[in-house]
Amino acid sequence: MKNEALYNYVLRLGDDSLILGQRLGEWCGHGPILEEDIAMTNISLDLIGQAMSLLDYAGELDGQGKDHDALAFLRFENEYRNALLLEQPNGDFANTMMRQFLFDAFRKPLYEKLLDSTDKQIAAIAEKSLKETRYHLKHTSEWVIRLGDGTDESHQRAQTALDLLWRYTDELFFETADDVSLVASGIVPAMNEIKTQWSKTVLSVLEEATLIIPTNNWQFEGGRKGVHSEHLGFLLADLQYMQRAYPNMKW
Amino acid sequence: MVTKESILSWLDEVCDPEIPVLSLADLGVLRGVEYLNDEWQITITPTYSGCPAIKTMEDDILLKLKEHGVVAKVHLVLSPAWSTDWLSESGRVKLKEFGIAPPENEVDKSVLFAAPTVVPCPRCNSRETKMVSQFGSTACKAHYQCLICSEPFDYFKCLK
């Protein structure tokens, strides 16, 4: 492989988008109101579209002729590199919006920095995806504020979601020793820059939402190394069923 | 003899499957037509990353050219990223006639809870309209309603 560090990096981005896109898609037909049902599936579609571009590029870097379908449908759990946050079950609407918000606040500054990547394909994918991610972050920020600063019930649900999901946020900023070389050659930004941006967005929105960041800062990790929670297996069973049951089938 | 002009005129008949009044050129999705390596190479770009219409567009291009005995290849490019600036002037007129409000030259502000863009009703031209949802029937549209004639309508949202 020409650039294994870059392959791993792009795979992480692609898996994040794919797994969260699949999760959000589970809301199809179950949204609390029609407009939100459509909004969540629209965001899901954007994420799956971004996953297609990213996984195609990962396949190209791998050089074994794998396209996005091969990478999405024919890998096992421990070969996935998505962060644990993204495979967590949807829970209620507040939980889904909180998970999406914590992720969007991470993706937007990341894509902004990747616009300047010395790798042309990554810059092109970032340019395309950033336009979509801006809409997502605005939507989820507004929902977190509405729910947090809403009724007693919505506030309590939003706070429960934050308490549950906060422990998965550090992993988003995972960096390997190999990534250092990518940072040095201007292909990707250093994660501490992204974390600064993320914290700024998250703190200001949570403050307006009157939500409190958990004081217990115990953090989970594992997804980036292929060690996942039990939830990913069930998600993949759903995602991969057709290709596993009928190999090479086409619609 | 097949020329670039003839290819372009044939492709003028290939439309967005979701908005059948807009040709791919009107929409700004058609990026290039070139003859290279004994084949016509057609380049297109998606409006949104996950736009499911892109595969149909690719198939429709190949089918249209095949009708004229032309074998071609379709390539997908991401950069420069599509924005509503790529929509042609005639495309904007056709959208409105079709009942979809064309993009106002203004991106919805990134400020949270900012008032949504004022979009005139494509039926009665009233500016008294409200946004129902930022996300509409397809990725590229938002959902609005006219407060004067009550008509619900799609707004082709501005993307920069």
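No lab work stands behind these numbers, since they all come straight from the coordinates. This one's a predicted model, so the numbers in the text were calculated from it and none came from an experiment. Heads up, the Cβs are rebuilt from the backbone with ideal geometry, glycines too, and the neighbour counts pull from every protein chain shown.
List the residues of the stretch B:29-56 whose backbone N lies under 18 Å from a point placed 7 Å from the Cα of B:W10 along the Cα-to-Cβ direction.
Inside the label zone: B:30-44.
In nm, to one decimal, how far is the modelled label at B:R127 from the one at A:N90, with both set 7 Å along Cα→Cβ?
Taking the simple label geometry, B:R127 and A:N90 are separated by 4.0 nm.
Net charge within 11 Å of A:E208 by Cβ-Cβ distance, Lys/Arg positive one each and Asp/Glu negative one each, not counting A:E208 itself? If you can, show how the numbers build up before the last one.
On the way: positive: A:R146; negative: A:E142, A:D149, A:E207.
Local charge sum for A:E208: -2.
Past 18 Å, Cα to Cα: identify those pairs from A:K120/B:K157; B:K130/B:K157; A:K113/A:K195; B:K96/B:K160, in the order given. Please report the intermediate quantities before stating the final value.
Values: A:K120/B:K157 28 Å; B:K130/B:K157 14 Å; A:K113/A:K195 12 Å; B:K96/B:K160 20 Å.
Violating the 18 Å limit, Cα to Cα: A:K120/B:K157; B:K96/B:K160.
Under a point spin-label approximation (7 Å from Cα along Cα-to-Cβ), what is the B:S150-A:F76 distance to one decimal in nm?
Label-label distance for B:S150 and A:F76, simple model: 6.1 nm.
Helix-derived [θ] at 222 nm for the protein assembly as shown: sum -39500 (n - 2.57) over DSSP H runs of at least 4, divide by residue count, nearest 500? Intermediate values should be presented prior to the final figure.
Working: 14 runs with 202 residues, N = 411.
Only helices count here, giving -16000 deg cm²/dmol.
Taking GluC sites (Glu not before Pro) as candidate sites, keep only those in a DSSP loop with at most 13 other Cβ atoms within 10 Å, then name the longest stretch of chain B containing none of them. Write down the numbers at each step before the final one.
Numbers: sites that count: B:E13, B:E106, B:E128.
Free of exposed loop sites, the longest segment is B:14-105.
Which order do the peptides A:44-51, A:187-194 take when ranked by the mean count of other beta-carbon atoms within 10 Å per residue, highest first? Numbers along the way, then the final one.
Details: A:44-51: 24.8, A:187-194: 17.9.
Highest to lowest by the protection proxy: A:44-51, A:187-194.
Between A:A124, A:A177, A:A209, find the one with the highest GNM mean-square fluctuation for chain A; connect C-alpha pairs within less than 10 Å.
Greatest mean-square fluctuation among the candidates belongs to A:A177.
Using R₀ = 25 Å, calculate the FRET efficiency as 1/(1 + (r/R₀)^6) where r is the Cβ-Cβ separation of A:D170 and B:L112; round to 0.05. If you can, show how the numbers build up before the last one.
Numbers: r = 25 Å, r/R0 = 1.02.
Working from the Cβ atoms, E equals 0.50.
Give the calculated FRET efficiency between A:V183 and B:M1 to the nearest 0.05, with a Förster radius of 56 Å applied to their Cβ-Cβ distance. Write out the running numbers ahead of the final one.
Details: r = 53 Å, r/R0 = 0.95.
The value I calculate is 0.60.
Could you work out which residue, out of B:P46, B:P20, B:P103, moves most in a Gaussian network model of chain B, that is, has the largest mean-square fluctuation with Cα springs under 10 Å?
Among B:P46, B:P20, B:P103, the largest mean-square fluctuation in the Gaussian network model of chain B belongs to B:P20.
Specify the residue with the greatest mean-square fluctuation among A:L84, A:L34, A:L74, computed from a Gaussian network of chain A linking alpha-carbon atoms under 10 Å apart.
Highest fluctuation among the options: A:L34.
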